[in-house]
Amino acid sequence: MDMRKLVGRNFARIRREKGLTQEDVERLSGFSQQYLSGLESGLRNPTIGTLSELANALDVSFLDLVKPESAEGGVVISNN
């Protein structure tokens, strides 16, 4: 699995679930809408620090941005 695409899909899904636009996240995080668009497209390779800042803007754990999807299309939840 390409981690850039996984992070992009998770970020886009969480953003939409929270009813936020890329412009809303731009205001909350300081990252440009162009950067966020590239992230969602799997074209960006964010650092751990960037993931943390974006997760804070979305009010989620940065782990939510890197969780793989299950075969059924949902996010895998670890019991550890």
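So here's what we get for this one:
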| quantity | calculated |
| --- | --- |
| Read-out Kirkwood radius over Cα pairs in Å, derived from the coordinates shown; its label in [x] 15.0; [y] 12.6; [z] 16.4 | [y] |
| For the chain: relative contact order, % (alpha-carbon pairs under 8 angstrom, 6 or more apart) | 34 |
| Helical contribution to [θ] at 222 nm, DSSP H n ≥ 4, -39,500 (n - 2.57), averaged over the chain, rounded to 500 | -16500 deg cm²/dmol |
| Spatial separation of Cα centroids for the range 1-21 and the range 34-57, in angstrom | 9 |
| Backbone HN-Hα couplings from phi across the range 32-41 [Karplus 6.51/-1.76/1.60, Hz, Gly and Pro as x] | 5, 4, 5, 5, 5, 4, x, 4, 5, 7 |
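Taken together, the values in this text are just the output of simple stated rules run on the coordinates, not laboratory data. Please read all numbers here as calculations on a predicted model, not as lab measurements.
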